[in-house]
Amino acid sequence: MADVPTLVEQAREGRPRAVARLISLVEGASPQLREVMAALAPLTGHAYVVGITGSPGVGKSTSTSALVSAYRRMGKRVGVLAVDPSSPFSGGALLGDRVRMSEHASDPGVYIRSMATRGHLGGLAWAAPQAIRVLDAAGCEVVLVETVGVGQSEVEIASQADTSVVLLAPGMGDGIQAAKAGILEIGDVYVVNKADRDGADATARELNHMLGLGEARAPGDWRPPIVKTVAARGEGTDEVVEALEKHRAWMEERGALTERRRLRAAREVETIAVTALRERIGDLRGDRRVGALAARVVAGETDPYAAADELVAGLTENAART
């Protein structure tokens, strides 16, 4: 069993091994997970969480690495969660974005962790919210969450980040994607990477046009900026950071940042509760009540919905007694 109070104290001191151990407890759904979250709760709420998403090949890892460099120049401590596809054999991270961010490996002010999706859809690992909390408690002022890159449906990051950055690149079909619902509706900041390629200006214009056709904005509403970058050379990265800081300031001024975080916490609580209920339902598969209700459904004496209501009522009654 891990010594959770000691691990938390060491994580606050910036010790990478302690941070890694805490995230491993989260990923492994350790029996000590509740103890870990209870210990971290008073230490969180300070990190600015930036989600970075986009189709495969647009340069998410390179852009993330460039942003790490920019924030480190500002003296900020940075955490990175790079969510990779899962290996079908081991269940672990298949690509390992830490390899692509090796230039920061020796920097004590940067913590990089690859996480496997393990079949979770939406571009994130199921343990990402708790892992973000670990990095927050460990003193990371900025947490960059790079999603797996599943394409148009990769929208879950919008519910986990304070600010969502959507990356595009010329010549990769993103112009067509701009006309579709999905990933290009969630951005707070849009980045056209690989802007030294032909078609970058056209991609930016098309994106700007599609944003103009979107929902009507009232005076003072946030209009997502479009920034062109060449992340491999670090060009345009400072402009991206400037756009991020402007969005953060805009949210703080209107109370939107607190509201986003409240909604994020509400979704997390709901997910944990639903998971617990699912586990309880799973334990009922051999329960006589389920078998008896199933027999009545087959016999036409009741319908599945009425049977489910009866089962839920029985579970609620039992829970109240205990």
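The values are calculated or read from the model by the stated rules, or taken from the named source; none is laboratory data. Please read these numbers as outputs of a predicted model, since none were measured by experiment. FYI the Cβ positions are ideal-geometry reconstructions off the backbone, even for glycines, and counts take in every protein chain you see. Surface accessibility is based on the protein's heavy atoms, side chains included, excluding ligands, DNA and RNA. Shrake-Rupley method; radii C 1.70, N 1.55, O 1.52, S 1.80 Å.
The figures follow:
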{"item": "Residues located in segment 9-64, provided they are closer than 25 Å to A249 by Cα, touching a Lys or Arg at 6+ places or on another chain (Cβ under 8 Å) and crowded, with 19+ Cβ neighbours inside 10 Å", "result": "Y48, I52, T53, G54"}
{"item": "Residue within segment 202-221 that is within 27 Å of A47 (Cβ to Cβ), assigned to a loop (DSSP other than H, G, I, E, B) and either at pLDDT below 90 or open to solvent by 80 Å² or more (accessible area, probe 1.4 Å) (or both) present", "result": "yes"}
{"item": "Condition broken by V50, with the remaining ones in (1) within 21 Å of A105 (Cβ to Cβ); (2) of a type in the set (A, V, I, L, M, F, W, C); (3) assigned to a helix (DSSP H, G or I) satisfied", "result": "(3)"}
{"item": "Within segment 115-135, considering residues that are on the phi < 0 side of the Ramachandran plot and open to solvent by 10 Å² or more (accessible area, probe 1.4 Å), the one modelled with the lowest pLDDT", "result": "L121"}
{"item": "Residues that are open to solvent by 50 Å² or more (accessible area, probe 1.4 Å) and part of a helix (DSSP H, G or I), drawn from segment 222-244", "result": "A232, R233, D238, E239, E242"}
{"item": "Residue in segment 287-309 that is of a type in the set (D, E, K, R), open to solvent by less than 90 Å² (accessible area, probe 1.4 Å) and within 23 Å of the chain's Cα centre (by Cα) present", "result": "no"}
{"item": "Scope segment 249-267; condition closer than 15 Å to A47 by Cβ, of a type outside the set (A, V, I, L, M, F, W, C) and open to solvent by less than 50 Å² (accessible area, probe 1.4 Å); matching residues", "result": "R264"}
{"item": "Of the criteria (1) in a helix (DSSP H, G or I); (2) at positive phi, which one V290 fails", "result": "(2)"}
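Here's the yes/no breakdown for (1) touching a residue at least 12 places away in the same chain (Cβ under 8 Å); (2) in contact with a helix residue (DSSP H, G or I) (Cβ under 6 Å, 6 or more places away or on another chain); (3) over 30 Å from A202 (Cα atoms); (4) acidic (D, E):
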site: P225; (1), (2), (3), (4): yes, yes, no, no
site: A231; (1), (2), (3), (4): yes, yes, no, no
site: G234; (1), (2), (3), (4): yes, yes, no, no
site: E242; (1), (2), (3), (4): no, no, no, yes
site: E253; (1), (2), (3), (4): no, no, yes, yes
site: T258; (1), (2), (3), (4): no, no, yes, no
site: E270; (1), (2), (3), (4): no, no, yes, yes
site: A276; (1), (2), (3), (4): no, no, yes, no
site: R280; (1), (2), (3), (4): yes, no, yes, no
